[in-house]
Amino acid sequence: MTDRERDRRISDLGTLKALAHPLRIKVYRGLTIARAATASQLAEQVDEAVSLVSYHLRKLAEYGLIEEAEPRSTDSRERWWQPASDGVRIRDEDFRDAPEKAAAHTAASRLFLEQRNEMYRRYLDERAHWSPEWTSAAESAESVLRLTAGELAELAVDMLALVRRYEERGRAAEAAGDTQGRENVAVHTYAFPFRV
């Protein structure tokens with residue numbers, strides 16, 4: 001892991017709204033995957049104009065979500081960006097004290113869910129193009145548990161710790177030059193109470 005902050009907690013409405021824009025979250029995700037990129041590289045990734053992506057990068061930077069990175073090329077005209085932290089965290093408790101904040105948090109959460117669902121739909125549509133090794137390794141499951149709120153909180157901490165262990169393993173392997181056979185892998189978890 002880097003020396004940067006781990007999972008910056010977004011607790012103010014302005015930063016939440018800055019991130020919760022359909023194109024901005026795609027740009028932010030692309031930057032997180034690349035670890036550092038230019039507006040041109042990200043524009044190609046999200047299929048948008050460089051000027052539009054540059055605008056959204058500046059908005060993300062304005063709220064401290066991204067920052068300028070060390071140049072990765074000799075072209076001094078290129079401006080490189082990187083995430084300002086290793087992840088972000090948005091907690092319900094930070095937005096429930098006012099109706100406007102709660103509504104913005106719900107809208108942002110729905111946007112994030114829609115984009116995650118789109119990522120998974122795209123995988124399903126492209127699954128035939130992945131090797132049997134990858135399709136066998138991919139997982140989709142649902143578990144219905146009977147827990148207390150405390151047990152759910154403990155489960156969430158444990159699951160996050162497990163994901164972090166694999167994230168750090170992958171980063172360490174790449175830093176050591178072990179890139180053979182590595183792909184981006186999305187792990188989406190949702191753990192929530194419900195009634196029938």
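How many percent of the accessible area of the chain is carbon or sulfur, using a 1.4 Å probe?
Using a 1.4 Å probe with all protein chains present, the chain comes out at 50 percent carbon and sulfur.
Assuming R0 = 30 Å, can you tell me the calculated FRET efficiency for the pair Arg121 and Leu52, based on Cβ-Cβ distance, to the nearest 0.05?
0.75
Which value, in Å², gives the accessible area per residue of the range 111-165 when a 1.4 Å probe is used on the protein heavy atoms?
On a per-residue basis, the range 111-165 sits at 84 Å².
So how far, in whole Å, is the C-alpha centre of the range 57-71 from the one of the range 99-143?
About 26 Å separates the Cα centre of the range 57-71 from the one of the range 99-143.
Using 7 Å Cα-to-Cβ label points, what is the Arg79/Ala153 separation (nm, one decimal)?
In this crude label model, Arg79 to Ala153 measures out at 4.2 nm.
Taking a point 7 angstrom from the Cα of Ser40 along the C-beta vector, which residues in the range 63-78 have backbone N less than 15 Å away?
71-78
Which of these, Glu78, Glu68, Glu154, has the largest mean-square fluctuation under a Gaussian network model of the chain (Cα springs below 10 Å)?
Fluctuation is largest for Glu154.
Give me, ordered by chain and number, the residues 5 or more places off Arg89 or on other chains with an amide H under 5 Å from its own placed amide H.
Arg8, Arg9, Ile10
Where does each of Phe112, Phe95, Phe194 land when they are ordered by accessible area, with a 1.4 Å probe and the largest first?
Greatest to least solvent exposure: Phe194, Phe112, Phe95.
Using the beta-carbon distance between Arg6 and Asp94 and R0 = 22 Å, what value does 1/(1 + (r/R0)^6) give for FRET efficiency, to the nearest 0.05? List each step's numbers first, then the result.
Details: r = 17 Å, r/R0 = 0.79.
My answer for the efficiency is 0.80.
Amide H neighbours of Trp80 under 5 Å, counting only residues 5+ apart in sequence or on other chains, H built in-plane at 1.01 Å?
Answer set, sorted by chain and number: Ala69.
Return the ratio Rg/(2.2 N^0.38 Å) for the range 118-196, where Rg is computed over Cα atoms only.
The range 118-196 yields a ratio of 1.39.
Along the positive direction of the dipole of the chain (beta-carbon charges: Lys, Arg +1; Asp, Glu -1; about the Cα centre), which of Gln82, Asn117, Ile33 reaches farthest?
Positive-most Cα among the choices belongs to Asn117.
Suppose the chain between Leu162 and Arg146 were pulled fully straight at 0.36 nm per residue; how much longer would it get relative to their current alpha carbon spacing? Let's see the in-between values first.
Working: separation 16, 0.36 × 16 = 5.76 nm, distance 2.15 nm.
Result for the pair: 3.6 nm of gain on full extension.
Quick one: among Gly181, Gly64, Gly30, which has the greatest mean-square fluctuation in a GNM of the chain with alpha-carbon springs under 10 angstrom?
For the chain, modelled as a Gaussian network with Cα springs under 10 Å, the answer is Gly181.
The values are calculated or read from the model by the stated rules, or taken from the named source; none is laboratory data. Keep in mind that what you see is a predicted model, and the values were worked out from it rather than measured. So basically every Cβ, Gly included, is an ideal-geometry build from the backbone, and we count neighbours across all protein chains shown. Side chains included, ligands, DNA and RNA excluded: accessible areas come from the protein's heavy atoms. Shrake-Rupley method; radii C 1.70, N 1.55, O 1.52, S 1.80 Å.
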